[in-house]
Amino acid sequence: MIAIIDYGLGNLRSVKYALDRLGVASELTDQAGPLESADAVILPGVGAFGEAMENLRRLKLVEPIRAVARQKPFLGICLGMQLLFTTSSEHGLHLGLDIVPGEVVRFAEGLTVPHMGWNQVEQAAKSPLFEGVADGAYFYFAHSYFCRPTEPSAAIGVTEYGGKYASTVQSGSVFGTQYHPEKSGPVGLAMLANFCRLGRKT
Amino acid sequence: MLAKRIIPCLDVKNGRVVKGRSFVNLQDAGDPVQAGKLYSEAGADELVFLDITATLDARQTVRELAAAVGRAVFIPYTIGGGIRELDDIKALLQAGAEKISINSAAVTNKDLIRQGAEAFGNQAVVVAIDAKKSGDHWEVYINAGTKPTGLDAIAWAQEVERIGAGEILLTSIDADGHKSGYDMTLTAKVADAVGIPVIASGGAGGPEDICRVLTEGKADAALAASIFHYGQYSIAQVKEYLHQHGVPVRV
C-alpha cells in the first residue's frame, strides 16, 4: 500500500490515477496512521509553499512525515519535493520539513517563469528511480521555484533552465522530483513503478 | 532543453467531442477519453479540452470529463469553458486537470485569476485571450468572440500576468479557422510583453505555420485543432518538421 498525503492542495488525484494504472494499491490520507503502516509514501502537491506547510502543521503531519521518511521509501513530487528542503523563499521565508538540507529559490529574472513544459533530466548518479529510464528523457515541469541542495551529491538528476539545477534528488530512501512523473507519459509511469517497487522490498 | 509544445485542442459539448474526422479509427469518435488517449499516444505534449456546452448543467458534465480523462491520460491537460468561480477551478483541478483556462470570467471578474493562483499556484491558471485586430492594436473579445471589451490585448496580457496568470492562451480571432498561419505580430508582441509562457492559437494550416509561430512568433507552445482532427497532419509529422528546423521538441 502506498500512502499519498492529502494536505488539501491541488491535484492529488492524478498521482492516484497513475498508481491505479500501474496496478499499485494506494490511498489518499491526511492522517499519520496510514503513513506509518504504508510500504511507501508520496507527498504530491501544487500550490504555495507557505500554505502547504501550514496545512501539514495543522494536520499534525510534520513529525510523522519526518519519521517515516527515515524508515521507508518516500517521494516528494513538485511542491512535495520542495517541501522536503530546509527553507523556501516563496513569498517570504518559510521553514520546510528539513529532511533534505538546502533551500528553495526562485528562477532568475529574465527567464520565462513558470518553467513549464517538457524538459530533459540528465542523470548525474545511478539511482533505482532511473532504472529503465533513458538519460536525458523528457518529463513534464510546471514550477517557478527550484531546489538547491546543500549537499551537491543529493542532486541525482539535473535539468537545464537558465543553468543546471537539481530536478531529481535522493537522500537515502527519500526522493524528490521537481517534474510530475504522473503527467509524464510512459516514462513517468515507469519511474513511479520503480519507486513503488522499492516500497515492496522494505 | 525545454521543448516547444504541440497542443491539440478538443471542443467538447455535453461531454462529447465535436468534430474530428481522423477519429474514424476509434470505436467512439465522440469519446473525449479515447480521443485524449489517441493524441497522447501520438505524441501530443498537452491537451486542451474546451467545453462549449451552453447549458447550465454543463458544470457537472465537465467535472466528470476531467476525472474520466485523468484516469486514462497521463500527460497534462487543461480544461476551459464556463469557469465562473473558484469552486469550478477547484473541482476541475481536484478531478485531475493540470490547469484550467479562464476567458470571459477573467474579464468580468479579474479577482478570479488572483483567487485561483493563490489557492492552486499560478501554473494552474491559464488566461485565454481572444484578440481581434482593430486599427493599430488588438482588442480583447469575450463570450466566444462575440463581445468586444475595449481592452487592449497586450495591456490585458500584462495585467493578467500581474494578477496571477501562469500562462496565456492567445487566440487571434482574425486568423482562427483560416488555416493561413497564426497572427505572428500579435503573438510576438504579447510574448515580448510578458514573462509567462504564451500558447499561440488560431490559424494553423500546417507544420510551417507552427514552426513560424514558435520561432518568429516567440510562442512557447502552439495549439491547433482542425489540422489534427481532420487527419491532415499527424503530431509526429509536425514534430519532425520542427526538429528539422532546429526547434526543440519532445520526441
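No lab work stands behind these numbers, since they all come straight from the coordinates. These figures come from a predicted structure and were not determined experimentally. Cβ sites come from the backbone with ideal geometry, for glycine too, and all protein chains shown count toward neighbours.
For the protein assembly as shown, a/c is not less than 1.5, where a ≥ b ≥ c are the root eigenvalues of the C-alpha gyration tensor, and a/b tops b/c. That puts it in the prolate class. Computed over chain B, the per-residue total of -39500 (n - 2.57) for DSSP H runs of n ≥ 4 gives a 222 nm mean residue ellipticity of -10500 deg cm²/dmol, rounded to 500. Counting Cβ atoms of other protein chains within 10 Å of each Cβ in B:71-79 and taking the mean gives 6. In this structure, the pairs whose alpha-carbon distance is over 32 Å, taken from B:K37/B:K147; B:K99/B:K133; B:K90/B:K147, are B:K37/B:K147.
Note on chain B: with a GNM built from Cα contacts shorter than 10 Å, the maximum mean-square fluctuation among B:A44, B:A105, B:A68 falls on B:A68.
Counting pairs of alpha carbon atoms under 8 Å apart in space and at least six apart in sequence, what relative contact order in percent does segment A:2-201 give?
RCO, segment A:2-201: 21 percent.
If you build a Gaussian network model of chain B, linking Cα atoms that sit under 10 Å apart, which residue out of B:R63, B:R162, B:R114 swings the most? Maximum among the listed residues: B:R162. Stretching B:A72 away from B:D192 to a fully extended chain increases their span by 39.6 nm, per 0.36 nm per residue minus the current alpha-carbon distance. Beyond 28 Å in Cα-Cα separation lie the following of the pairs A:K164/B:K179; B:K110/B:K132; A:K183/B:K4; A:K183/B:K13: A:K164/B:K179. Using the alpha carbons alone, the radius of gyration of segment B:53-121 stands to its Kirkwood radius in an Rg to Rh ratio of 0.95. The Cα center of segment B:177-229 and the Cα center of segment B:133-153 differ in position by 18 Å. Counting neighbouring Cβ atoms within 10 Å and putting the fewest first, the residues B:S172, B:S234, A:S26, B:S201 line up as B:S234, A:S26, B:S172, B:S201. Label 7 Å along Cα→Cβ of B:H245; segment B:164-186 residues with amide nitrogen under 12 Å? Backbone N within reach: B:181-182.
Within segment B:5-244, all pairs of alpha-carbon atoms sorted by distance into 10 Å bins from zero give the percentages 8, 34, 39, 18, 1. Using a Gaussian network for chain B with springs between C-alpha atoms less than 10 Å apart, which of these wobbles most: B:Y230, B:Y39, B:Y77? Most flexible of the set in this elastic network: B:Y230.
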